[in-house]
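For reference, the structure is listed below as structure tokens.
FYI, it's all coordinate maths here, none of it is from the lab. What you see is a predicted model; the values in this text were computed from it and never measured. Methodologically, a virtual Cβ is constructed for each residue, glycine included, from the backbone with ideal geometry; neighbour enumeration extends over all protein chains shown.
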Amino acid sequence: MRLRLGRPDLGDYAKHFDAPAAAPSSPLSVTWAGVTTLLIDDGTSAVLTDGFFSRPGLIAVGAGRLTPSLPRIDGSLARLGIERLDAVLPVHSHFDHVMDSAVVAGRTGAVVVGGESTANVGRGGGLPEDRVVVAAPGQPVPLGAFDVTLVEGHHCPPDRFPGSIDAPVVPPVRVSAYRCGEAWSTLIRHRPSGRSLLLVGSAGFVAGALVGHRADVVYLGIGQLGLQPESYIVDYWTETVRTVGARRVVLVHWDDFFRPLHEPLRALPYAGDDLDVSMRVLTQLAREDAVPLHLPTLWARSDPWS
């Protein structure tokens, strides 16, 4: 099969960048900061998924050793207005999700919550044991004003660095040190408002894993989804959006994460994904289910429950 060059044009999907903006009176807001980094904040209590801000370039990832970029992390925290967090919640332990989590937790007083692989990234990043929480799958963890439940998931095929992280990861390290570990579907419920959100960080699923769980909004990871058969995309939508009864879907993990956040976002190249395929199939599924479908705007506070 001939390799397709170039990348999708985000301008083709301009109408989808229309997620509802948060108002001063919104009891809860979500701010997207690339890939699957989400700040979920009620003004007093906040959690952050992933917290990946360093975004090293492709050459550095492929040929060098990775270490968190403190200037990029600090700049992103300032842009988001983050001073304190209750928790950092990596969706799995690849570099583009977990690499900065220990630094972000150290800067904000947060705990890092995940599986043993994520815990070993936290430990390698210098967090004390009481700031590393190994969650039991399916069991809610109270974190500030939120209850967070990690549900077993799978990474979207192919997983280029499968397996677990069995010892602390101390940067600088090769990208292969960040093995996937446990992949989660992350359910977040805000106790004061009753609002709920599901983040599926990788476009993979365990059949039936989310049965019995509900979420008003799904932030749906679509990295590599466009390379899958259409039947897989339909199954993914069914096992996530339809299963939890979501009333709104926001698509994440489509941006080129080798590009820093201070430059305009662009889609992943066709060599790594095909956003055009994902949008074609998901738009049709959303239309069939009468579910609004959005792409998020970088740094913009959104109220997807409104």
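The residues listed here are 288, 263; of these, the one that is over 16 Å from the mean Cα position of the chain (by Cα), loosely packed, with under 15 Cβ neighbours inside 10 Å and closer than 21 Å to residue 50 by Cβ is 263.
Scanning the stretch 119-157 for residues that are surrounded by fewer than 19 Cβ atoms within 10 Å (Cβ to Cβ), touching a helix residue (DSSP H, G or I) at 6+ places or on another chain (Cβ under 9 Å) and closer than 19 Å to residue 223 by Cβ yields one hit, 157.
Would you say residue 93 is assigned to a loop (DSSP other than H, G, I, E, B) and surrounded by 21 or more Cβ atoms within 10 Å (Cβ to Cβ)? Against the criterion (assigned to a loop (DSSP other than H, G, I, E, B) and surrounded by 21 or more Cβ atoms within 10 Å (Cβ to Cβ)), residue 93 qualifies. None of 288, 230 is out of contact with any Leu (no Cβ under 6 Å at 6 or more places or on another chain) and closer than 16 Å to residue 157 by Cα except 230. Checked against (1) in a loop (DSSP other than H, G, I, E, B); (2) within 16 Å of the chain's Cα centre (by Cα); (3) within 28 Å of residue 189 (Cα to Cα), residue 306 meets all criteria but (2).
If the condition is being out of contact with any helix residue (DSSP H, G or I) (no Cβ under 6 Å at 6 or more places or on another chain), touching a residue at least 40 places away in the same chain (Cβ under 8 Å) and surrounded by fewer than 24 Cβ atoms within 10 Å (Cβ to Cβ), then the stretch 67-81 contributes 67, 72, 75, 79, 80.
Among the residues of the stretch 231-269, which ones are of a type in the set (Asp, Glu) and either assigned to a loop (DSSP other than H, G, I, E, B) or under 22 Å from residue 298 (Cα atoms) (or both)?
Pass one, the stretch 231-269, residues of a type in the set (Asp, Glu): 235, 239, 255-256, 263.
The answer is 255, 256, 263.
Considering only the stretch 47-66, I want to know if a residue exists there that is out of contact with any His (no Cβ under 9 Å at 6 or more places or on another chain), under 19 Å from residue 167 (Cα atoms) and assigned to a loop (DSSP other than H, G, I, E, B). Scanning the stretch 47-66 turns up at least one residue that is out of contact with any His (no Cβ under 9 Å at 6 or more places or on another chain), under 19 Å from residue 167 (Cα atoms) and assigned to a loop (DSSP other than H, G, I, E, B).
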